[in-house]
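Since the structure comes first, as structure tokens, the remarks are kept for the end.
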Ligand code: XMP
């Protein structure tokens with residue numbers, strides 16, 4: 001185990017991810033709960049994260065003293081470097097040259113951290129984000145790299161195996177950073193690198209069993225990858241103490257409900273309640289055209305239906321969710337003393353409070369692509385794992401204006417043709433998300449000598465790594481022409497097709 005002591009950086013989880021990629025298990029512990037981590041986790045190496053505080057101010061976080069005396073290798077990153085220097089008797093000052101973003105470092109001395117990556121005299125790009133800087137080294141340390149704003153961009157005390165960098169090796173903007181972290185865990189700490197997603201699976205199963213005991217768990221299946229992977233993993237841990245609830249709100253794509261139900265009931269034999277709430281949702285949406293009101297109506301009804309089904313099952317103690325790391329806003333609270341504030345985004349928003357449920361979130365340390373690896377490990381079908389994300393409010397937010405069952409049928413048909421063409425062209429896996437939108441606009445056309453007056457369909461496809469930013473997908477005109485022709489010919493009610501070339505920002509991926 002590598003122990004990562006968190007000082008509240010926004011990117012601490014990326015350190016854990018890089019360590020995982022190096023095939024080594026790690027645990028993140030907030031600095032103020034790290035006191036007993038040495039006995040509890042018996043780590044073989046320690047990484048100190050960055051953080052928003054300044055060591056020049058009193059009362060700011062420090063690493064526990066045993067970090068310096070336990071004999072383990074330590075890597076300090078950013079704030080981690082500063083607290084290492086401050087705690088070992090060096091000097092840190094605030095407010096000189098602030099460096100944010102890309103910076104260039106020059107390697108001034110070789111060290112084990114740089115082996116096979118950088119030699120003395122090399123320059124390379126790194127990512128900096130700091131206001132304070134080290135001004136005097138503790139005894140035993142040497143400088144190994146400098147930058148314009150950080151004369152101590154990297155330092156080392158090789159005898160004690162203490163290393164520190166002012167830049168962030170865990171982010172992709174430091175192109176060789178992952179190799180530095182690999183050097184730290186392999187060369188310096190001597191860890192084997194044989195940890196895999198199979199280990200994650202078995203250790204999460206142990207954790208779920210310990211958390212849940214003999215209590216009952218319900219999980220809301222959305223049809224997406226995350227809730228499916230979470231549910232299959234939990235079922236593996238606690239068997240039929242888990243019941244999945246799949247609410248069909250009638251706003252799904254064609255075939256989606258059947259796929260999910262047959263996967264869970266058929267392939268996995270996991271208890272599943274399939275609620276047909278199509279009428280309830282559609283009548284509640286009658287006359288609603290404001291996007292926020294649509295979302296709120298759907299969210300509220302979803303909770304009502306889910307709650308009622310859970311009650312029929314005799315209640316539950318835990319709610320399972322497929323929350324991923326990017327959904328989690330986790331921060332260490334500095335102002336209020338030793339307490340840790342953890343805010344999490346609830347996929348089934350509002351439920352846990354209302355039903356007094358505790359959460360089981362086995363994927364909260366993972367990124368989307370890692371969830372897909374775990375899904376494969378659990379044997380989920382490849383077609384299911386590679387699915388594009390689909391929003392909770394479903395097709396309702398892809399029909400600007402009022403939602404009717406007629407419009408839903410038109411949209412489903414157009415959408416399925418579009419996706420069929422994408423799959424045929426072998427493009428599905430290169431696209432983050434692709435879908436059709438049915439516009440509340442009618443235009444005039446001519447079909448077989450007759451006048452038509454029908455809806456416009458907009459096609460959307462984007463590339464993205466996390467859904468936070470996105471670019472439109474660059475289809476060939478040939479592809480767009482072929483797809484538009486098919487939609488106009490085959491879907492009654494659409495006589496015009498347009499392609500959306502808006503990026504995010506300034507647009508969003510969905511239209512509402
Ligand atoms: P936007 O439209 O905000 O979408 O650029 C970013 C990503 O989030 C998905 N999305 C949702 N997912 N519930 C969800 O589970 C929602 O209410 C919701 N709204 C948007 C969207 O499909 C895209 O992947």
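Taking every residue in the stretch 409-436 that is over 14 Å from residue 473 (Cα atoms) and pairing it with any residue that is assigned to a helix (DSSP H, G or I) and within 16 Å of the ligand (Cβ to nearest atom), at least 6 positions away or on another chain, the pairs with Cβ-Cβ distances below 6 Å are 411/395. With respect to the conditions (1) closer than 30 Å to residue 439 by Cα; (2) assigned to a loop (DSSP other than H, G, I, E, B); (3) away from the ligand (no atom under 16 Å from the Cβ), residue 259 falls short on a single one, namely (2). Scoring residue 280 on the criteria (1) out of contact with any helix residue (DSSP H, G or I) (no Cβ under 7 Å at 6 or more places or on another chain); (2) modelled with pLDDT of 90 or more; (3) more than 24 Å from residue 362 (Cα to Cα) leaves a single failure, condition (1).
Among residues of the stretch 371-393 that are over 25 Å from residue 249 (Cα atoms) and in contact (Cβ under 8 Å) with a residue 40 or more places away in the chain, those with a beta-carbon under 6 Å from a residue that is assigned to a loop (DSSP other than H, G, I, E, B) and within 16 Å of the ligand (Cβ to nearest atom) at least six positions away or on a different chain give the pairs 371/363.
From the list 99, 115, 93, 104, the lone residue that is out of contact with any strand residue (DSSP E or B) (no Cβ under 8 Å at 6 or more places or on another chain) and touching a residue at least 12 places away in the same chain (Cβ under 8 Å) is 115.
Filtering the stretch 215-235 for residues that are within 23 Å of the chain's Cα centre (by Cα) and at positive phi leaves a non-empty set.
Among the residues of the stretch 470-497, those that are loosely packed, with under 14 Cβ neighbours inside 10 Å, more than 12 Å from residue 417 (Cα to Cα) and more than 27 Å from the chain's Cα centre (by Cα) comprise 476, 477, 478, 481, 492.
In the stretch 66-73, the count of residues that are assigned to a loop (DSSP other than H, G, I, E, B) and free of Cβ contacts under 8 Å to residues at least 40 places away in the same chain is one or more.
Among the residues of the stretch 174-191, some residue qualifies, meaning at least one is surrounded by 22 or more Cβ atoms within 10 Å (Cβ to Cβ), assigned to a loop (DSSP other than H, G, I, E, B) and touching a strand residue (DSSP E or B) at 6+ places or on another chain (Cβ under 6 Å).
Among the residues of this structure, residue 12 counts as one that is crowded, with 20+ Cβ neighbours inside 10 Å and not assigned by TED's automatic domain parsing to the domain that holds residue 326.
Residues in the stretch 1-58 that are farther than 26 Å from residue 90 by Cα, in contact with a helix residue (DSSP H, G or I) (Cβ under 8 Å, 6 or more places away or on another chain) and not in a loop (DSSP other than H, G, I, E, B): 13, 17, 18, 19, 20, 21, 26, 27, 28.
The values are calculated or read from the model by the stated rules, or taken from the named source; none is laboratory data. Here the structure is a predicted model, which is why all the values come from computation and not from measurement. In this analysis, Cβ positions are derived from the backbone assuming ideal geometry, glycine residues included, and neighbour counts consider all displayed protein chains.
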